[in-house]
Amino acid sequence: MNVEEGVELARFTTLGTGGPARAFARAESAAEVTGLLQWAAARELPVATIGLGSNLLVADEGVDALVLKLAGGLAAVDSDGELVRAGGGATNAVVLHHARNAGLGGFEFACAIPGTIGGGVWMNGGAYGADFASVLVRALVASADGSGWLTPAELGLSYRHSDLRHGQVVLAAELRLRPRDPDEIKRDVRELNARRKAAQPTNRRTFGSVFKNPEHELTAGRMLEACGLKGHRIGGAQISPKHANFIENAGDARTADALALMSEARRRAFEQYGVELRHEVEFLGDLALEPIR
Ligand SMILES: Cc1cc2nc3c(=O)[nH]c(=O)nc-3n(C[C@H](O)[C@H](O)[C@H](O)COP(=O)(O)OP(=O)(O)OC[C@H]3O[C@@H](n4cnc5c(N)ncnc54)[C@H](O)[C@@H]3O)c2cc1C
């Protein structure tokens, strides 16, 4: 068990911000995760698992927790008939590649979600009308109390939400896909990626959608655009000039800059539309938005 101290988390987030973890470890097997959960419990240290950090805002001051990253056997992919088994640390890209080679479709929606299976289950990630809940059979979840398989209903999956809490580690997931011609999968993925590139700042450092879409005729992006926020900058972070529901690292951003932009965006959306936007991005460390009333 190799636990490191003070590992900077900025390099593990797609935005490229965030301070050090009090403790950091990579786990390659379920047994290693169990050992690390016990190690943290003995020190009363919270545990948080990260994937590719593509939906993460990490406090500049760092995180007072054991931060886990899954690798090796916990990032492997296998399939049996129409069932794909993937480790929690497997990237969506690798799983999609495996599925395509096995002639299995249904996971194409994840082509533009630059995360892992664990992060996808945690967030119930989705795009183009499909999400993890639509293909997930069950997920193997470990905690200090032991591990077990949970169904989508037991995970409480809904729009960009699960009931999972830090201290619970998604070790693996089983996805039920369906036979599909690999060439058709390839064609669809190409089209979806082209659509994505046209609408979103895919070549910038971001963490994907900042806010969940509200129950309103306008999406979060359209609402923030109408509030005149495209290109608005605080410190090194700016609201994407291409899509207002994205925050870009314009060079030397800090998490505090992104957080200040989010507070400003919520304030303006509330003033102009009476809507309280809820953030989709996950916070790690001591982070809070300013109250809007
Ligand atoms: C350019 C871009 C486009 C995006 N487009 C989409 C999109 O279309 N749809 C969409 O839904 N999302 C999108 N996202 C957001 C993000 O990619 C997804 O939320 C993704 O599922 C996060 O996965 P991750 O592995 O990076 O998780 P992280 O960002 O590392 O973590 C997210 C949360 O999951 C938890 N977590 C991660 N792995 C585990 C695990 N193994 N066990 C327990 N908890 C875990 C973390 O603690 C954290 O709370 C986009 C992001 C970017 C940068």
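The values are calculated or read from the model by the stated rules, or taken from the named source; none is laboratory data. Given the structure is predicted, the values throughout are model-derived calculations rather than measurements. Every residue, glycine among them, receives a Cβ derived from its backbone with ideal geometry; neighbour counts consider all protein chains shown. The protein model used for the area step is the full one, side chains on, heavy atoms only, and it has no ligands, DNA or RNA in it. Shrake-Rupley method; radii C 1.70, N 1.55, O 1.52, S 1.80 Å.
Observations on the model:
- Any hit, segment 139-161, residues being of a type in the set (A, V, I, L, M, F, W, C), modelled with pLDDT under 95 and either within 13 Å of the ligand (Cβ to nearest atom) or surrounded by fewer than 20 Cβ atoms within 10 Å (Cβ to Cβ) (or both): yes
- Residue match in segment 163-179 (condition: among the acidic types (Asp, Glu) and either over 30 Å from Ala41 (Cβ atoms) or in contact (Cβ under 8 Å) with a residue 12 or more places away in the chain (or both)): yes
- The residues listed here are Phe270, Phe246, Phe207, Phe211; of these, the one that is aromatic (Phe, Trp, Tyr) and open to solvent by 50 Å² or more (accessible area, probe 1.4 Å) is Phe270.
- Filtered by the rule that a residue be within 13 Å of the ligand (Cβ to nearest atom) and either touching a residue at least 60 places away in the same chain (Cβ under 8 Å) or touching a Pro at 6+ places or on another chain (Cβ under 7 Å) (or both), segment 64-91 gives Ala65, Leu66, Val67, Leu68, Leu70, Leu74, Ala86, Gly87, Gly88.
- Which numbered condition Asn101 misses (of (1) more than 14 Å from the ligand (Cβ to nearest atom); (2) over 22 Å from Ser79 (Cα atoms)): (2)
- Scanning segment 156-170 for residues that are touching a strand residue (DSSP E or B) at 6+ places or on another chain (Cβ under 6 Å) and under 12 Å from Gly120 (Cα atoms) turns up just one, Val170.
- Where strands (runs of 3 or more DSSP E) fall entirely within segment 8-58, those with at least 2 residues that are closer than 18 Å to Ile117 by Cα are at 20-27, 47-50.
- Single condition Ile113 does not satisfy, out of (1) near the ligand (Cβ under 8 Å from one of its atoms); (2) at pLDDT below 95: (2)
- Boolean, Arg278 is in contact (Cβ under 8 Å) with a residue 60 or more places away in the chain and among the basic types (Lys, Arg): yes
- Failed item in (1) open to solvent by 20 Å² or more (accessible area, probe 1.4 Å); (2) in contact (Cβ under 8 Å) with a residue 12 or more places away in the chain; (3) away from the ligand (no atom under 13 Å from the Cβ), with Ala59 passing the rest: (1)
- Search result, residues across segment 54-83 that are among the β-branched types (Val, Ile, Thr) and in contact with a His (Cβ under 7 Å, 6 or more places away or on another chain): Val77
- If you go through segment 206-220 and keep only what is within 8 Å of the ligand (Cβ to nearest atom) and not small (Gly, Ala, Ser), you end up with Thr206, Phe207.
- Cross-chain or 6+ apart pairs with Cβ under 6 Å, segment 186-202 first and away from the ligand (no atom under 13 Å from the Cβ), then in a helix (DSSP H, G or I): Asp188/Glu108; Val189/Glu108; Val189/Cys111
- Scan of segment 5-26 for residues that are free of Cβ contacts under 8 Å to residues at least 60 places away in the same chain and either near the ligand (Cβ under 9 Å from one of its atoms) or open to solvent by less than 20 Å² (accessible area, probe 1.4 Å) (or both), ordered by number: Phe12, Ala21, Ala23, Phe24, Ala25
- Scope segment 70-121; condition buried (at least 24 other Cβ atoms within 10 Å of the Cβ) and among the hydroxyl-bearing types (Ser, Thr, Tyr); matching residues: Thr116
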